[in-house]
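Inspection log for the structure reproduced underneath, given as structure tokens.
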Amino acid sequence: MASTTTNGEVSVADYDLVQKLAPHLDRHMIFPLLEFSAGQLLDEETGDIKDEKRAREINQAKFSLLKKTDMTDYVANLYCELEGLKEPPTEYADRKQKVFSQLEKYGQETSKITELLQKEEVVNNLRSDKVANLEYLKKDHNVTIEMVDALYDYGNLQYSCGNYTDATELLYRFRVLSTDNDKVAFATWGRLACEILNMSWDSAMEELQKVREMIDTKLANNPLAQLHHRTSLVHWTLFPLFNYDKAREPLLELFFSAPYINTIQANCPWILRYLTVAVITNRGRAKNVGVQQKQMKDIVRIVKQEAYEYQDPVTSFVHALCIDFDFEEAQQQLTTAEEILRTDFFLVAHADDFVDSARHLIFESYCKIHSRISLKDLSARLGLNAEDAEKWIVNLIRDTRLDAKIDSKEGTVVMNHPPSSVYQQVIERTKGGFFRTQVLSAAVAR
């Protein structure tokens, strides 16, 4: 939860989740989050830095993050910027030369196997049996296990240099041939990272599925390792979740599956912010409305359960609207939530969509309990002025074919709540009676 200042106000910066997300992300994935934070400090009109101290802290964080990688030129430039130097120390030039030498060495060691895998006749002779493949390559083409392992080392080095396209191809070739299960697992995670950083979302989704299956099967006898790996996967999944529309529904299905929702509640409740935004903004585009409604009910239940552990204005909006039915508080939380979304790397592009979908929720909830609503009152609930609120409601009625009309003279929205038929009432009551009978029968059987 965010800390409160001495005057009782809570800063939007206090809801920044970078420090909670970072331990579960690869260092190359943390870098774009820091770049985004740095961009937030620039004045949109002048381009000047609004907070020099904070900007230096971010640059220091970048340097600490990347100094263990082989992105030597960028790290050298960061060091010069931090220390006020025109030229970097000679150690950076030496390190750069060392990296080039390693790249050349691995390039030579893997050239033969790379050429072989580009030949159609060789690829056609490969089977699903890796042992047989290695035997074939060893017998017919003098390929050694050391050459295969060199692909792994070369891929890791390319990744460390920030060459993600080359890295993913090398790790793929290694994974096709290697029988080392541990290294194959690392290569799969590595390929997922590469595809995410390359923003190749279709490939990323394929690798994500492989990682998921790997966690479910190979770590089945180690629940603690499963928990840690699922926690990491949940965090890595945020990239495609909010950048690739086709990933939204399959990833929401993953998040709401028992192993992963339990992981979120037990190990990373702050993910509820992202899950809540994903569900609410998915209202108008979900293919299966029933699934979306169930996910919304699940979010409400989980937000209520986890309120003691994690809260922010996004989850507090859901709590105020769907649990407390406090429309005034919901509007206040929505206003703050919008500010927070505009400063969140993953959610900034979805802020307008979230606010619009949230207003739909407020409107629907308000209309369920009122048959005639003052436009002035409703505009306050929606956080809009009277004119904008009227336009928004007109568009909503037209787009959703809502059974309502606006009485301009009275300044009200009139809702038509048709009474449910006697038959429907009998069906609903029968359902309840049947359920209670089942409960009583089960209790008697014990």
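The values are calculated or read from the model by the stated rules, or taken from the named source; none is laboratory data. Since the structure is predicted, the reported quantities are computational estimates derived from the model, not experimental observations. Cβ: placed from backbone, ideal geometry, glycine included. Neighbour counts: every protein chain shown. Protein only, heavy atoms only, side chains kept; ligands, DNA and RNA dropped before computing areas. Shrake-Rupley method; radii C 1.70, N 1.55, O 1.52, S 1.80 Å.
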- Message: Running a GNM on the chain with Cα contacts under 10 Å, which residue among GLN265, GLN102, GLN19 ends up with the highest mean-square fluctuation?
- Response: GLN19
- Message: Based on alpha-carbon centroids, what's the gap between segment 272-351 and segment 175-227 in Å, whole number please?
- Response: 30
- Query: Which links in LYS96/LYS183; LYS68/LYS119; LYS105/LYS130; LYS62/LYS246; LYS130/LYS210 stretch past 29 Å when you go from one Cα to the other?
  - Reply: LYS68/LYS119; LYS62/LYS246
- May I ask you to derive the FRET efficiency for THR90 and LYS68 from their Cβ-Cβ distance with R0 = 22 Å, giving the value to the nearest 0.05? 0.65
- Rounded if a/c is under 1.5, else prolate if a/b is larger than b/c, else oblate: which is segment 263-371, with a ≥ b ≥ c the root eigenvalues of its Cα gyration tensor? rounded
- Query: In deg cm²/dmol, rounded to 500, what helix-only [θ] at 222 nm does the chain give when every DSSP H run of at least 4 residues adds -39500 (n - 2.57) and the total is split over its residues?
  - Reply: -22000 deg cm²/dmol
- Message: Give me the net charge for the shell around PRO269: Cβ to Cβ below 15 angstrom, other residues only, Lys and Arg +1, Asp and Glu -1.
- Response: +1
- Task: On a 0 to 90° scale, report how tilted helix 289-305 is relative to the longest principal axis of the chain, with both axes built from alpha carbons and the result rounded to the nearest 10.
- Result: 90
- Over all directions, average the projected area of the Cα convex hull of the chain and note it in nm². 32.1
- Query: Hey, what did segment 330-383 get for relative contact order, percent, Cα under 8 Å, at least 6 apart?
  - Reply: 37
- Message: Below 8 Å between Cα atoms, with a sequence gap of 6+, how large is the relative contact order for the chain in percent?
- Response: 10
- Of the heavy-atom accessible surface of the chain (probe 1.4 angstrom), what whole percent is carbon and sulfur? 50
- What is the mean projected area of the alpha carbon convex hull for segment 179-325, to one decimal in square nanometres? 9.4
- Query: Which whole-number value in Å² is the accessible area per residue of segment 280-355, probe 1.4 Å?
  - Reply: 47
- Query: Over 24 Å between Cα atoms, which of LYS112/LYS218; LYS20/LYS67; LYS112/LYS139 qualify?
  - Reply: LYS112/LYS218
- Message: Let me check something: with ligands and nucleic acids excluded, how do THR217, THR336, THR179, THR315 order by accessible area (1.4 Å probe), largest to smallest?
- Response: THR217, THR179, THR336, THR315
- Any lysines whose Cα falls less than 18 Å from that of LYS391, other than same-chain ones fewer than 8 residues away, would be LYS376, LYS405, LYS409
- Say each of LYS50 and SER101 gets a label point 7 Å from the Cα, pointing the same way as Cα to Cβ; how far apart are those two points in nm? 4.8
